[in-house]
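Visitor: Dumping the structure here so I can ask a few things about it.
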């Protein structure tokens, strides 16, 4: 499987995307260091990416999102691999969380079908390789604080504020 990589300048900082040959996002995040993304891709999906400037719909969705079309990433396919069913279900559930309507880890667990799986919900966010396309930044703690985010709390804060305006 051939994979492609591109880094875009965005209002929240450099954003790198790795897609497969069909345009499905394998990994993405607010970094210019592609090497930081490759290890996030499950070994069954991993291949050394080729540099390509235009990643088509994935790149257009990132640009559109940062320019105010908050739903743009929703239409781009994502490929992630997990051995457990809860992770896959949680990633699917995350794609259903609407911009400007963050949920708690507890609510994510309940929406995924197991209200007792709060730690597993947090793990789904931590193991999410496709930032923005699987919007784990929309998950906060029950007390309203931000919790963690692989790309930094400043980026998470910017994303949530950007979505609150939309």
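The values are calculated or read from the model by the stated rules, or taken from the named source; none is laboratory data. Not measured: the values here are computed from a predicted model. All Cβ positions, even for glycine, are placed from backbone atoms using ideal geometry, and neighbour counts span all protein chains on display.
Visitor: Quick one: would you say residue 148 is more than 19 Å from residue 38 (Cα to Cα) and either within 16 Å of the chain's Cα centre (by Cα) or without any contact (Cβ under 8 Å) to a residue 60 or more places away in the chain (or both)? So that I can check it myself, show each step before the final result.
Guide: Numbers: more than 19 Å from residue 38 (Cα to Cα): yes; either within 16 Å of the chain's Cα centre (by Cα) or without any contact (Cβ under 8 Å) to a residue 60 or more places away in the chain (or both): yes.
Answer is yes for this residue.
Visitor: Then there is this: Can you tell me which residue within region 145-156, out of those that are in a helix (DSSP H, G or I) and touching a helix residue (DSSP H, G or I) at 6+ places or on another chain (Cβ under 9 Å), is surrounded by the fewest Cβ atoms within 10 Å (Cβ to Cβ)? Steps first, please.
Guide: Taking region 145-156 and keeping what is in a helix (DSSP H, G or I), we get 153-156.
Going one step further and asking which of them are touching a helix residue (DSSP H, G or I) at 6+ places or on another chain (Cβ under 9 Å), we end up with 155-156.
Values: 155: 20, 156: 24.
Per the criteria, the residue is 155.
Visitor: Contact list please: Cβ distance under 7 Å, first residue in region 88-108 and more than 18 Å from residue 119 (Cα to Cα), second residue assigned to a helix (DSSP H, G or I), pairs at least six apart or on different chains.
Guide: As it stands, the answer is 95/74; 97/138; 99/163; 100/163; 100/164, since those pairs meet every condition given.
Visitor: Also: So for region 58-76 (the condition being over 14 Å from the mean Cα position of the chain (by Cα) and closer than 21 Å to residue 2 by Cα), does at least one residue qualify?
Guide: Scanning region 58-76, I find at least one residue that is over 14 Å from the mean Cα position of the chain (by Cα) and closer than 21 Å to residue 2 by Cα, so the answer is yes.
Table: residues versus (1) over 27 Å from residue 20 (Cα atoms); (2) more than 10 Å from the chain's Cα centre (by Cα).
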{"position": "122", "(1), (2)": "no, yes"}
{"position": "131", "(1), (2)": "no, no"}
{"position": "137", "(1), (2)": "no, no"}
{"position": "140", "(1), (2)": "yes, yes"}
{"position": "144", "(1), (2)": "yes, yes"}
{"position": "153", "(1), (2)": "yes, yes"}
{"position": "162", "(1), (2)": "yes, yes"}
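Visitor: Could I ask something else about it? From the set of residues in region 106-119 that are surrounded by fewer than 20 Cβ atoms within 10 Å (Cβ to Cβ) and under 21 Å from residue 78 (Cβ atoms), which is farthest from the chain's Cα centre (by Cα)?
Guide: Step one: filter region 106-119 for residues surrounded by fewer than 20 Cβ atoms within 10 Å (Cβ to Cβ), giving 106-107, 110-111, 113-116, 118-119.
Remaining after also requiring under 21 Å from residue 78 (Cβ atoms): 111, 113.
Details: 111: 18, 113: 21 Å.
By that ranking, first place goes to 113.
Visitor: Failed condition for residue 103, given (1) under 19 Å from residue 24 (Cβ atoms); (2) buried (at least 19 other Cβ atoms within 10 Å of the Cβ), with all others met?
Guide: Going through the list (1) under 19 Å from residue 24 (Cβ atoms); (2) buried (at least 19 other Cβ atoms within 10 Å of the Cβ), residue 103 breaks only (1).
Visitor: Let me ask something else about it. Tell me which helices (runs of 4 or more DSSP H) are completely within region 19-127 and hold 2 or more residues being over 21 Å from residue 148 (Cα atoms), or say none if there are none.
Guide: Numbers: elements: 57-66, 85-94, 105-112, 118-126.
Counting at least 2 such residues, we get 57-66.
Visitor: Suppose we filter region 17-39 for residues that are free of Cβ contacts under 8 Å to residues at least 40 places away in the same chain, more than 18 Å from residue 125 (Cα to Cα) and surrounded by 14 or more Cβ atoms within 10 Å (Cβ to Cβ); how many remain?
Guide: Restricting attention to region 17-39, the residues satisfying the condition of being free of Cβ contacts under 8 Å to residues at least 40 places away in the same chain are 18-19, 21, 32-36, 38-39.
Still in the running and more than 18 Å from residue 125 (Cα to Cα): 18-19, 21, 32-35.
Applying the additional criterion that residues be surrounded by 14 or more Cβ atoms within 10 Å (Cβ to Cβ) yields 18-19, 34.
The total comes to 3.
Visitor: Another question about this same structure. How many residues are in contact with a strand residue (DSSP E or B) (Cβ under 6 Å, 6 or more places away or on another chain) and either at pLDDT 90 or above or crowded, with 19+ Cβ neighbours inside 10 Å (or both) when one looks only at region 40-57?
Guide: Result for region 40-57: 4.
Visitor: Something else now. Determine whether region 90-104 contains at least one residue that is touching a helix residue (DSSP H, G or I) at 6+ places or on another chain (Cβ under 9 Å), closer than 16 Å to residue 128 by Cβ and outside the structural domain of residue 141 (by TED's automatic domain parsing). If you could, list the steps in order and put the result at the bottom.
Guide: Within region 90-104, the first condition is being touching a helix residue (DSSP H, G or I) at 6+ places or on another chain (Cβ under 9 Å), and the residues that meet it are 90-104.
Restricting the remaining residues to those that are closer than 16 Å to residue 128 by Cβ gives 90-97, 102-103.
From what is left, the residues that are outside the structural domain of residue 141 (by TED's automatic domain parsing) are none.
The answer is no; no qualifying residue exists.
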